Amino acid sequence: METLDQSLYPAIFRRKSTRNYAEGPIPDEKLAALRAFLSQAVPLLPAERVAFEIQPHKGGAMKIAAYANHEAAAYLNLAFLLQQADLFLQQGGLGALWNATVRASKKECEGLDYVISLLFGTAKGSNARHSTEFTRKRREEIADKPEHPVVEAVRLAPSARNRQPWYLVCGESRIDFYCKKGGFLENTVLRGLNWIDMGIAVCHAALALQQGGHTPAAEIRQDAPDKDGFLYMLTLNY
């Protein structure tokens with residue numbers, strides 16, 4: 001894996017989902033910086049195709065519309081890339097919000113289907129939060145080794161309906177990522193959101209590994225052990 005922009009790492013611990021945006025246009029220089037960042041963001045799985053397009057939304061907000069194939073690996077890669085943009089926006093003083101219900105300006109882009117949007121704009125109020133304001137599971141609930149340095153970064157990752165479906169099995173120089181099985185709705189209609197949640201979590205983990213001086217590499221293992229109540233998704237070797 002190429003090196004991610006390590007200046008994004010501090011934003012993990014203060015990012016905030018922004019739902020209210022100020023009126024007025026986003027400065028041109030910030031839009032230009034975002035376009036440049038998206039063109040250089042590091043993929044998780046380079047073989048997976050993805051397309052991003054900055055589109056108008058409403059009021060003072062805009063959106064990054066994301067397009068990909070409807071497969072788990074493609075969604076993991078899309079979310080890994082788009083979470084880098086989320087953190088970049090936070091670092092640049094803008095607010096952002098993952099939104100799976102908003103429509104894009106077009107259903108397809110570069111032969112790929114629309115998947116999800118990241119809304120962004122100038123936040124009404126603060127675009128950051130204190131560490132005590134996160135409502136998240138305890139480390140012991142999401143990892144077999146809660147003391148592992150990446151666990152806190154993953155714990156703070158955003159997820160659909162704040163489900164936090166991830167579980168980390170931390171081996172020697174390897175972390176296996178598992179997604180919690182849900183009911184019928186989560187395993188059918190919302191399955192794609194689980195994949196996106198996992199890609200976001202992997203992004204936070206990769207940044208944390210880099211912060212510790214490691215070089216993570218993604219792998220989808222064929223020999224990953226089963227875990228009761230969970231589905232194996234991906235491994236980061238380091």
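The numbers here are math on the coordinates, done by the rules we state, and not lab data. Just so we're clear, the structure is a prediction, and the values are computed from it rather than from any experiment. Methodologically, a virtual Cβ is constructed for each residue, glycine included, from the backbone with ideal geometry; neighbour enumeration extends over all protein chains shown.
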For Cα extents along the principal axes in Å, the listed values are (1) 61, 53, 30; (2) 63, 42, 24; (3) 50, 38, 34; which was obtained by calculation from the structure presented? (3)
Where GluC sites (Glu not before Pro) fall in DSSP loop in region 1-88, at most 13 other Cβ within 10 Å: GLU2, GLU23, GLU71
If one computes P(r) from the Cα atoms of region 131-237, what percent of pairs lie at distances over 19 Å? 39
From the cross-link list LYS30/LYS137; LYS63/LYS137; LYS30/LYS107, the entries with a Cα-Cα span beyond 32 Å are LYS30/LYS137
Which is farthest toward the positive dipole end of the chain among LEU97, LEU234, LEU209, measuring Cα position about the Cα centre, with Cβ charges +1 (Lys, Arg) and -1 (Asp, Glu)? LEU97
On Cα atoms only, tilt of 191-211 relative to the major axis of the chain in degrees: 80
When only Cα pairs under 8 Å and 6 or more residues apart are kept, what is the percent relative contact order across region 6-121? 33
With only helices counted (DSSP H, runs n ≥ 4, each -39500 (n - 2.57)), the per-residue ellipticity at 222 nm for the chain, to the nearest 500, works out to -8500 deg cm²/dmol
How many percent of Cα pairs in region 91-147 exceed 14 Å? 72
If you count, for each residue, the other Cβ atoms within 10 Å and average over each peptide, how do 148-154, 167-173 line up from highest to lowest? 148-154, 167-173
Going by average Cβ neighbours within 10 Å, how do the peptides 75-86, 32-43 rank, with the highest at the top? 75-86, 32-43
Assigning unit charges at the beta carbon (Lys, Arg +1; Asp, Glu -1) and nothing else, what dipole magnitude in debye, to the nearest 20, does region 131-237 show about its Cα centre? 320
Quick one: work out the % antiparallel among DSSP beta bridges in region 131-237, nearest 5. 95
Report, in debye and to the nearest 20, how large the dipole of the chain comes out about its Cα centre when Lys and Arg carry +1 and Asp and Glu carry -1 on their Cβ. 920
Dipole magnitude of region 1-70 about its Cα centre (Cβ charges: Lys, Arg +1; Asp, Glu -1), debye to nearest 20: 340
Per residue, the convex hull enclosing the Cα atoms of region 119-162 spans a volume in Å³ of 108
Can you give the convex hull volume per residue for the Cα atoms of region 6-121, as a whole number of Å³? 104
The chain - percent relative contact order, Cα under 8 Å, separation 6 or more: 22
